[in-house]
Amino acid sequence: MIRGTKLINNKNMSIKKTFKKIVDADYIYIPLVTYKNKNIYCDLKIGDYVYKGQVLAKSDDMYNCKVISSVSGTIKDIKPWIYIDNTMVNTIIIENDFLNKEKFKKGAKKNISKYTSSEIIKLMKDNGVVGMSGSAYPTHFKYGMDLKINKLIVNAVEDEVYITSDFTNLNDKPSEILEAIDALMQAFKIGECVIAIKDFNEIGIKDFINYMGTYPNIKIKKVPDKYPVGYEKNLASYIYDVKIKKNPMERSIMVNNISTIYEIYRVLKYERPITGRIITISGNAVKNPQNIYVKFGTLLSDIIKNIGGLKYKDIVIIVNGPMMGNSVSSMDIPITASVIGITIQKNYKDEKTHDCINCGKCVNVCPVRLAPTYIKKYKNHKNILKLLNPNKCIRCGLCSYICPSKIDLRRDVIDACEVVKNEDKY
Ligand code: SF4
Ligand code: SF4
(Lines give C-alpha, C1' and ligand atoms only; values in the text may rest on other atoms or scores of the structure.)
(Ligands and ions follow the chains in the order given, each with its own letter.)
Protein backbone atom coordinates (compact mmCIF):
# COMPACT_ATOMS: atom_id res chain seq x y z
CA MET A 1 0.00 0.00 0.00
CA ILE A 2 1.27 3.41 -0.92
CA ARG A 3 0.29 6.46 1.11
CA GLY A 4 -0.37 9.35 -1.26
CA THR A 5 -2.91 11.48 -3.10
CA LYS A 6 -4.18 11.65 -6.68
CA LEU A 7 -3.47 15.13 -7.98
CA ILE A 8 -5.02 17.15 -10.79
CA ASN A 9 -2.83 16.38 -13.77
CA ASN A 10 -1.73 19.21 -16.09
CA LYS A 11 0.69 17.18 -18.18
CA ASN A 12 -1.44 17.43 -21.33
CA MET A 13 -0.32 21.04 -21.73
CA SER A 14 3.19 20.00 -22.74
CA ILE A 15 3.04 16.30 -23.53
CA LYS A 16 3.99 15.51 -27.13
CA LYS A 17 4.23 19.23 -27.93
CA THR A 18 6.81 20.76 -30.30
CA PHE A 19 10.11 19.33 -29.33
CA LYS A 20 13.08 21.15 -30.79
CA LYS A 21 16.51 22.38 -29.93
CA ILE A 22 16.30 26.09 -29.28
CA VAL A 23 18.59 28.59 -30.94
CA ASP A 24 21.76 29.12 -28.91
CA ALA A 25 21.88 32.26 -26.80
CA ASP A 26 24.54 34.95 -27.26
CA TYR A 27 25.60 34.63 -23.62
CA ILE A 28 25.69 31.53 -21.45
CA TYR A 29 25.67 31.73 -17.65
CA ILE A 30 27.34 28.81 -15.87
CA PRO A 31 26.87 28.92 -12.06
CA LEU A 32 29.84 27.81 -9.96
CA VAL A 33 27.73 25.22 -8.17
CA THR A 34 28.04 21.44 -7.97
CA TYR A 35 25.36 19.43 -6.14
CA LYS A 36 24.87 21.52 -2.94
CA ASN A 37 28.27 23.18 -2.98
CA LYS A 38 28.24 26.88 -3.87
CA ASN A 39 31.86 27.50 -2.94
CA ILE A 40 33.55 26.34 -6.10
CA TYR A 41 36.77 28.07 -6.98
CA CYS A 42 37.54 28.81 -10.62
CA ASP A 43 41.05 29.80 -11.70
CA LEU A 44 40.01 30.94 -15.18
CA LYS A 45 39.80 34.67 -15.76
CA ILE A 46 37.97 37.22 -17.90
CA GLY A 47 39.19 37.03 -21.51
CA ASP A 48 40.07 33.30 -21.39
CA TYR A 49 38.82 31.20 -24.29
CA VAL A 50 36.91 28.04 -23.35
CA TYR A 51 35.86 25.01 -25.38
CA LYS A 52 32.52 23.25 -25.33
CA GLY A 53 32.79 20.44 -22.78
CA GLN A 54 35.81 22.01 -21.04
CA VAL A 55 36.03 21.67 -17.26
CA LEU A 56 35.76 25.21 -15.90
CA ALA A 57 36.11 24.33 -12.21
CA LYS A 58 35.97 21.38 -9.79
CA SER A 59 34.57 20.94 -6.31
CA ASP A 60 37.07 20.00 -3.61
CA ASP A 61 34.47 18.17 -1.51
CA MET A 62 33.99 14.40 -1.31
CA TYR A 63 31.90 14.36 -4.50
CA ASN A 64 34.61 15.87 -6.65
CA CYS A 65 32.20 17.18 -9.30
CA LYS A 66 32.97 19.28 -12.33
CA VAL A 67 31.56 22.52 -13.73
CA ILE A 68 31.51 22.13 -17.51
CA SER A 69 31.09 24.64 -20.33
CA SER A 70 28.19 24.03 -22.70
CA VAL A 71 29.53 26.26 -25.51
CA SER A 72 32.78 27.54 -26.89
CA GLY A 73 33.56 31.22 -26.49
CA THR A 74 35.22 33.87 -24.34
CA ILE A 75 34.71 34.49 -20.63
CA LYS A 76 33.19 37.95 -20.36
CA ASP A 77 32.68 38.09 -16.60
CA ILE A 78 32.65 36.06 -13.39
CA LYS A 79 30.23 37.62 -10.95
CA PRO A 80 27.23 36.89 -8.68
CA TRP A 81 24.11 36.06 -10.70
CA ILE A 82 20.66 34.83 -9.77
CA TYR A 83 20.52 31.06 -9.29
CA ILE A 84 17.61 28.62 -9.53
CA ASP A 85 17.02 28.73 -5.76
CA ASN A 86 16.64 32.53 -5.91
CA THR A 87 20.01 33.20 -4.25
CA MET A 88 22.99 34.93 -5.87
CA VAL A 89 25.96 32.71 -6.73
CA ASN A 90 29.22 33.26 -8.57
CA THR A 91 28.59 32.60 -12.25
CA ILE A 92 30.84 32.42 -15.31
CA ILE A 93 29.42 34.42 -18.21
CA ILE A 94 30.60 33.18 -21.60
CA GLU A 95 30.16 35.03 -24.88
CA ASN A 96 29.11 32.26 -27.23
CA ASP A 97 31.04 32.13 -30.53
CA PHE A 98 28.51 29.63 -31.96
CA LEU A 99 31.38 27.44 -33.25
CA ASN A 100 30.86 24.63 -30.71
CA LYS A 101 34.61 24.03 -30.71
CA GLU A 102 35.57 21.05 -28.60
CA LYS A 103 38.55 18.84 -27.91
CA PHE A 104 36.82 15.48 -28.06
CA LYS A 105 37.17 12.99 -30.83
CA LYS A 106 33.98 12.55 -32.80
CA GLY A 107 32.29 9.19 -33.31
CA ALA A 108 30.14 6.72 -31.44
CA LYS A 109 30.96 3.41 -29.76
CA LYS A 110 29.23 0.46 -31.37
CA ASN A 111 28.73 -1.68 -28.30
CA ILE A 112 28.38 -0.07 -24.87
CA SER A 113 27.88 -3.32 -22.98
CA LYS A 114 31.60 -4.11 -22.65
CA TYR A 115 32.57 -1.47 -20.11
CA THR A 116 33.72 -2.53 -16.65
CA SER A 117 32.09 -0.99 -13.57
CA SER A 118 35.15 1.18 -12.82
CA GLU A 119 35.27 2.43 -16.42
CA ILE A 120 31.61 3.44 -16.19
CA ILE A 121 32.14 5.24 -12.87
CA LYS A 122 35.11 7.14 -14.34
CA LEU A 123 33.13 8.13 -17.45
CA MET A 124 30.24 9.35 -15.28
CA LYS A 125 32.63 11.42 -13.15
CA ASP A 126 34.65 12.88 -16.02
CA ASN A 127 31.57 13.82 -18.02
CA GLY A 128 29.38 15.31 -15.29
CA VAL A 129 26.55 12.76 -15.04
CA VAL A 130 24.24 13.77 -12.18
CA GLY A 131 20.71 12.88 -11.10
CA MET A 132 18.34 14.39 -13.67
CA SER A 133 15.27 14.24 -11.42
CA GLY A 134 16.07 17.64 -9.94
CA SER A 135 18.54 16.45 -7.31
CA ALA A 136 21.79 16.76 -9.33
CA TYR A 137 23.24 14.14 -6.98
CA PRO A 138 26.49 12.93 -8.56
CA THR A 139 25.80 9.57 -10.22
CA HIS A 140 29.45 8.42 -10.09
CA PHE A 141 29.28 8.76 -6.30
CA LYS A 142 26.10 6.70 -6.11
CA TYR A 143 27.61 3.88 -8.17
CA GLY A 144 31.04 4.20 -6.58
CA MET A 145 29.94 3.43 -3.01
CA ASP A 146 31.31 -0.10 -3.26
CA LEU A 147 27.99 -1.63 -2.21
CA LYS A 148 26.45 -4.65 -3.88
CA ILE A 149 23.62 -3.70 -6.26
CA ASN A 150 21.11 -6.54 -6.73
CA LYS A 151 18.25 -4.61 -8.29
CA LEU A 152 17.90 -1.49 -10.39
CA ILE A 153 14.75 0.63 -10.47
CA VAL A 154 14.45 3.09 -13.34
CA ASN A 155 12.16 5.82 -12.13
CA ALA A 156 9.91 7.05 -14.96
CA VAL A 157 7.08 7.99 -12.60
CA GLU A 158 7.46 11.76 -13.00
CA ASP A 159 5.23 12.92 -10.18
CA GLU A 160 5.24 16.67 -10.84
CA VAL A 161 1.90 17.65 -12.35
CA TYR A 162 3.11 19.95 -15.16
CA ILE A 163 6.41 18.27 -16.05
CA THR A 164 6.82 15.87 -18.98
CA SER A 165 10.58 15.87 -19.66
CA ASP A 166 10.98 12.28 -18.42
CA PHE A 167 7.95 11.31 -20.47
CA THR A 168 9.65 12.78 -23.55
CA ASN A 169 12.78 10.67 -23.02
CA LEU A 170 10.62 7.63 -22.25
CA ASN A 171 8.77 7.98 -25.53
CA ASP A 172 11.60 9.13 -27.78
CA LYS A 173 14.53 7.06 -26.55
CA PRO A 174 13.34 3.57 -25.51
CA SER A 175 16.07 1.63 -27.33
CA GLU A 176 18.88 3.91 -26.04
CA ILE A 177 17.52 3.68 -22.48
CA LEU A 178 17.33 -0.12 -22.64
CA GLU A 179 20.89 -0.26 -24.01
CA ALA A 180 22.18 1.83 -21.10
CA ILE A 181 20.28 -0.25 -18.52
CA ASP A 182 21.76 -3.40 -20.03
CA ALA A 183 25.29 -1.91 -19.91
CA LEU A 184 24.84 -1.03 -16.23
CA MET A 185 23.41 -4.47 -15.42
CA GLN A 186 26.33 -6.24 -17.08
CA ALA A 187 29.06 -4.06 -15.60
CA PHE A 188 27.68 -4.01 -12.04
CA LYS A 189 26.29 -7.58 -12.19
CA ILE A 190 22.75 -6.41 -11.40
CA GLY A 191 20.30 -9.30 -11.58
CA GLU A 192 17.08 -7.48 -12.44
CA CYS A 193 15.69 -4.12 -13.44
CA VAL A 194 12.21 -2.65 -13.09
CA ILE A 195 11.14 0.42 -15.06
CA ALA A 196 8.45 2.13 -13.00
CA ILE A 197 5.81 4.05 -14.97
CA LYS A 198 2.52 5.59 -13.78
CA ASP A 199 -0.46 3.41 -14.72
CA PHE A 200 -2.17 6.15 -16.79
CA ASN A 201 0.85 6.45 -19.09
CA GLU A 202 -0.38 3.86 -21.60
CA ILE A 203 1.55 5.35 -24.55
CA GLY A 204 4.87 5.25 -22.70
CA ILE A 205 4.29 1.68 -21.56
CA LYS A 206 3.33 0.51 -25.06
CA ASP A 207 6.32 2.25 -26.69
CA PHE A 208 8.70 0.55 -24.29
CA ILE A 209 7.20 -2.91 -24.52
CA ASN A 210 7.88 -2.88 -28.28
CA TYR A 211 11.63 -2.75 -27.60
CA MET A 212 11.92 -5.07 -24.61
CA GLY A 213 12.02 -8.49 -26.26
CA THR A 214 15.77 -8.97 -26.06
CA TYR A 215 16.11 -7.93 -22.42
CA PRO A 216 14.48 -10.68 -20.32
CA ASN A 217 15.71 -9.25 -16.99
CA ILE A 218 14.15 -5.83 -17.54
CA LYS A 219 10.48 -5.50 -16.62
CA ILE A 220 7.90 -2.72 -16.59
CA LYS A 221 5.92 -2.08 -13.43
CA LYS A 222 2.83 0.12 -13.45
CA VAL A 223 2.53 2.21 -10.31
CA PRO A 224 -0.64 3.91 -9.05
CA ASP A 225 -1.25 7.57 -9.81
CA LYS A 226 -0.67 8.68 -6.26
CA TYR A 227 1.65 11.48 -5.28
CA PRO A 228 4.50 11.10 -4.15
CA VAL A 229 4.96 7.50 -5.30
CA GLY A 230 8.03 8.60 -7.31
CA TYR A 231 9.93 9.57 -4.17
CA GLU A 232 12.87 7.13 -4.27
CA LYS A 233 12.21 5.53 -0.88
CA ASN A 234 8.45 5.16 -1.49
CA LEU A 235 8.99 3.70 -4.94
CA ALA A 236 11.49 1.06 -3.83
CA SER A 237 9.32 -0.03 -0.88
CA TYR A 238 6.23 -0.18 -3.12
CA ILE A 239 7.89 -2.21 -5.89
CA TYR A 240 9.65 -4.72 -3.64
CA ASP A 241 7.25 -4.60 -0.69
CA VAL A 242 10.05 -3.93 1.77
CA LYS A 243 10.52 -1.39 4.53
CA ILE A 244 13.22 1.16 3.82
CA LYS A 245 14.53 3.30 6.64
CA LYS A 246 16.73 5.80 4.85
CA ASN A 247 17.89 4.79 1.41
CA PRO A 248 17.03 1.96 -1.03
CA MET A 249 20.73 1.00 -1.17
CA GLU A 250 20.34 -0.44 2.36
CA ARG A 251 18.42 -3.20 0.49
CA SER A 252 20.91 -3.27 -2.41
CA ILE A 253 18.42 -1.42 -4.62
CA MET A 254 19.75 1.30 -6.90
CA VAL A 255 17.21 3.87 -8.12
CA ASN A 256 17.95 6.06 -11.16
CA ASN A 257 15.69 8.52 -12.88
CA ILE A 258 14.94 7.64 -16.53
CA SER A 259 16.50 10.88 -17.84
CA THR A 260 19.67 10.08 -15.85
CA ILE A 261 19.77 6.70 -17.59
CA TYR A 262 19.54 8.47 -20.93
CA GLU A 263 22.48 10.74 -19.96
CA ILE A 264 24.45 7.61 -18.98
CA TYR A 265 23.70 6.24 -22.44
CA ARG A 266 25.04 9.40 -24.09
CA VAL A 267 28.23 9.31 -22.04
CA LEU A 268 28.87 5.60 -22.65
CA LYS A 269 28.15 5.95 -26.36
CA TYR A 270 29.98 9.19 -27.16
CA GLU A 271 32.39 9.61 -24.20
CA ARG A 272 31.69 13.33 -24.10
CA PRO A 273 30.48 15.64 -21.31
CA ILE A 274 26.82 16.36 -20.69
CA THR A 275 26.20 19.95 -21.80
CA GLY A 276 22.41 20.19 -21.88
CA ARG A 277 19.14 18.47 -21.18
CA ILE A 278 15.45 18.30 -22.05
CA ILE A 279 13.26 20.50 -19.87
CA THR A 280 9.53 21.22 -19.82
CA ILE A 281 8.30 24.79 -20.10
CA SER A 282 4.66 24.84 -19.05
CA GLY A 283 1.96 26.64 -17.09
CA ASN A 284 -1.06 28.75 -17.97
CA ALA A 285 1.07 31.85 -18.65
CA VAL A 286 3.15 30.20 -21.39
CA LYS A 287 1.89 30.70 -24.96
CA ASN A 288 3.39 27.45 -26.29
CA PRO A 289 4.09 24.96 -23.50
CA GLN A 290 6.52 22.29 -24.69
CA ASN A 291 9.61 20.19 -24.07
CA ILE A 292 12.88 21.47 -25.43
CA TYR A 293 16.55 20.58 -25.43
CA VAL A 294 18.47 23.40 -23.75
CA LYS A 295 22.19 23.96 -23.27
CA PHE A 296 23.18 24.41 -19.63
CA GLY A 297 23.60 28.05 -18.76
CA THR A 298 20.88 29.31 -21.11
CA LEU A 299 18.74 31.95 -19.40
CA LEU A 300 15.04 31.26 -18.98
CA SER A 301 14.35 34.68 -20.54
CA ASP A 302 16.18 33.62 -23.74
CA ILE A 303 14.21 30.37 -23.89
CA ILE A 304 10.87 32.13 -23.49
CA LYS A 305 11.76 34.55 -26.31
CA ASN A 306 12.58 31.54 -28.50
CA ILE A 307 9.35 29.67 -27.92
CA GLY A 308 6.84 32.44 -28.44
CA GLY A 309 6.64 34.36 -25.17
CA LEU A 310 4.14 34.65 -22.35
CA LYS A 311 0.44 35.46 -22.19
CA TYR A 312 0.60 37.63 -19.06
CA LYS A 313 2.96 40.13 -17.49
CA ASP A 314 2.12 39.43 -13.86
CA ILE A 315 3.41 35.90 -13.35
CA VAL A 316 4.74 33.41 -10.83
CA ILE A 317 7.83 31.41 -11.96
CA ILE A 318 8.31 28.02 -10.37
CA VAL A 319 11.48 26.01 -10.90
CA ASN A 320 10.81 22.26 -11.11
CA GLY A 321 7.05 22.29 -10.72
CA PRO A 322 4.59 23.44 -8.08
CA MET A 323 4.77 20.40 -5.78
CA MET A 324 8.47 20.17 -4.96
CA GLY A 325 9.88 23.24 -6.66
CA ASN A 326 10.51 26.79 -5.55
CA SER A 327 9.52 30.16 -6.89
CA VAL A 328 12.06 32.60 -8.27
CA SER A 329 11.85 36.35 -8.72
CA SER A 330 13.59 36.64 -12.09
CA MET A 331 13.34 35.29 -15.63
CA ASP A 332 17.13 35.50 -15.82
CA ILE A 333 17.87 32.23 -14.04
CA PRO A 334 20.22 29.92 -15.96
CA ILE A 335 19.09 26.36 -16.71
CA THR A 336 21.22 23.73 -14.97
CA ALA A 337 21.17 19.93 -14.73
CA SER A 338 18.88 20.27 -11.67
CA VAL A 339 16.07 21.85 -13.70
CA ILE A 340 13.47 19.34 -14.90
CA GLY A 341 11.17 22.11 -15.99
CA ILE A 342 9.78 25.57 -15.34
CA THR A 343 6.13 26.25 -14.60
CA ILE A 344 4.96 29.80 -15.23
CA GLN A 345 1.51 30.72 -13.94
CA LYS A 346 -0.59 33.84 -13.98
CA ASN A 347 -0.28 35.60 -10.64
CA TYR A 348 -3.67 35.31 -8.96
CA LYS A 349 -3.31 38.07 -6.45
CA ASP A 350 -6.75 37.43 -5.00
CA GLU A 351 -5.58 34.03 -3.66
CA LYS A 352 -5.27 35.24 -0.08
CA THR A 353 -4.23 33.08 2.82
CA HIS A 354 -6.86 32.46 5.51
CA ASP A 355 -6.67 31.28 9.10
CA CYS A 356 -6.40 27.57 9.81
CA ILE A 357 -9.84 26.00 10.23
CA ASN A 358 -8.45 22.87 11.94
CA CYS A 359 -9.79 20.58 9.24
CA GLY A 360 -6.85 18.18 9.68
CA LYS A 361 -6.43 17.65 5.93
CA CYS A 362 -2.71 18.49 6.00
CA VAL A 363 -2.13 15.85 8.69
CA ASN A 364 -4.10 13.17 6.84
CA VAL A 365 -2.38 13.79 3.53
CA CYS A 366 1.26 13.86 4.69
CA PRO A 367 3.00 10.75 3.30
CA VAL A 368 5.52 10.67 6.16
CA ARG A 369 2.88 11.22 8.87
CA LEU A 370 3.88 14.67 10.05
CA ALA A 371 1.49 17.23 11.48
CA PRO A 372 2.24 20.34 9.38
CA THR A 373 -0.37 22.51 11.11
CA TYR A 374 1.28 21.87 14.49
CA ILE A 375 4.75 22.36 13.06
CA LYS A 376 3.58 25.76 11.81
CA LYS A 377 2.00 26.58 15.16
CA TYR A 378 5.14 25.69 17.14
CA LYS A 379 7.60 27.03 14.60
CA ASN A 380 9.36 29.09 17.24
CA HIS A 381 9.23 26.58 20.11
CA LYS A 382 12.37 24.55 19.58
CA ASN A 383 11.70 21.85 22.16
CA ILE A 384 8.18 21.07 20.95
CA LEU A 385 9.36 21.29 17.36
CA LYS A 386 11.95 18.55 17.85
CA LEU A 387 9.19 16.16 18.98
CA LEU A 388 7.25 16.95 15.80
CA ASN A 389 10.16 15.75 13.60
CA PRO A 390 10.04 18.37 10.80
CA ASN A 391 13.29 16.87 9.46
CA LYS A 392 11.35 13.87 8.21
CA CYS A 393 9.62 16.13 5.65
CA ILE A 394 10.33 15.05 2.06
CA ARG A 395 9.20 18.46 0.76
CA CYS A 396 6.47 16.96 -1.39
CA GLY A 397 4.19 20.00 -0.98
CA LEU A 398 0.99 17.98 -0.45
CA CYS A 399 0.11 19.83 2.75
CA SER A 400 0.18 23.20 0.91
CA TYR A 401 -1.71 21.70 -2.03
CA ILE A 402 -4.55 20.36 0.11
CA CYS A 403 -4.96 23.23 2.58
CA PRO A 404 -8.34 24.99 2.03
CA SER A 405 -6.97 28.11 3.74
CA LYS A 406 -4.13 28.31 1.16
CA ILE A 407 -1.45 28.25 3.84
CA ASP A 408 2.03 27.48 2.48
CA LEU A 409 2.68 24.77 5.06
CA ARG A 410 5.58 23.29 3.12
CA ARG A 411 7.45 26.56 3.53
CA ASP A 412 6.69 26.55 7.28
CA VAL A 413 7.94 22.97 7.65
CA ILE A 414 11.14 23.77 5.74
CA ASP A 415 11.70 26.80 7.99
CA ALA A 416 11.08 24.59 11.04
CA CYS A 417 13.80 22.19 9.80
CA GLU A 418 16.22 25.11 9.81
CA VAL A 419 15.25 26.01 13.40
CA VAL A 420 15.88 22.41 14.55
CA LYS A 421 19.14 22.22 12.55
CA ASN A 422 20.46 25.46 14.03
CA GLU A 423 19.46 24.33 17.53
CA ASP A 424 21.44 21.09 17.07
CA LYS A 425 24.58 23.07 16.33
CA TYR A 426 24.84 24.35 19.92
S1 SF4 B 1 5.03 18.10 5.83
FE2 SF4 B 1 6.53 17.72 4.21
S3 SF4 B 1 6.26 15.58 3.69
FE4 SF4 B 1 4.42 16.18 4.84
S5 SF4 B 1 2.95 16.82 3.26
FE6 SF4 B 1 4.04 18.66 3.88
S7 SF4 B 1 5.75 18.86 2.43
FE8 SF4 B 1 4.96 16.74 2.28
S1 SF4 C 1 -5.09 21.85 6.02
FE2 SF4 C 1 -4.89 24.03 6.43
S3 SF4 C 1 -6.79 24.58 7.41
FE4 SF4 C 1 -6.67 22.34 7.50
S5 SF4 C 1 -5.65 21.90 9.48
FE6 SF4 C 1 -4.06 22.02 7.98
S7 SF4 C 1 -3.37 24.17 8.08
FE8 SF4 C 1 -5.37 24.07 9.05
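Taking the criterion of being within 10 Å of ligand 2 (Cβ to nearest atom) and part of a helix (DSSP H, G or I), the residues of region 407-426 that qualify are Leu409, Asp412.
Pick out the one residue from Gly360, Gly397 that is at positive phi and within 12 Å of ligand 1 (Cβ to nearest atom). Lay out the reasoning, then the answer.
Details: Gly360 fails: within 12 Å of ligand 1 (Cβ to nearest atom).
After applying the criteria, what remains is Gly397.
Scanning region 308-326 for residues that are buried (at least 19 other Cβ atoms within 10 Å of the Cβ) and assigned to a loop (DSSP other than H, G, I, E, B) yields a total of 6.
Filtering region 181-196 for residues that are among the hydrophobic types (A, V, I, L, M, F, W, C), touching a strand residue (DSSP E or B) at 6+ places or on another chain (Cβ under 6 Å), assigned to a loop (DSSP other than H, G, I, E, B) and surrounded by fewer than 24 Cβ atoms within 10 Å (Cβ to Cβ) leaves a non-empty set. Among residues of region 42-69 that are touching a residue at least 60 places away in the same chain (Cβ under 8 Å), those with a beta-carbon under 7 Å from a residue that is aromatic (Phe, Trp, Tyr) at least six positions away or on a different chain give the pairs Gly53/Phe104; Tyr63/Tyr35; Tyr63/Phe141; Cys65/Tyr35; Ser69/Tyr51. When region 309-322 is filtered for residues that are touching a strand residue (DSSP E or B) at 6+ places or on another chain (Cβ under 8 Å) and either modelled with pLDDT of 90 or more or aromatic (Phe, Trp, Tyr) (or both), the ones remaining, listed by number, are Leu310, Lys311, Tyr312, Asp314, Ile315, Val316, Ile317, Ile318, Val319, Asn320.
The values are calculated or read from the model by the stated rules, or taken from the named source; none is laboratory data. Not measured: the values here are computed from a predicted model. When we count neighbours, we look across all protein chains shown, and the Cβ atoms used for this are built from the backbone with ideal geometry, even at glycine.
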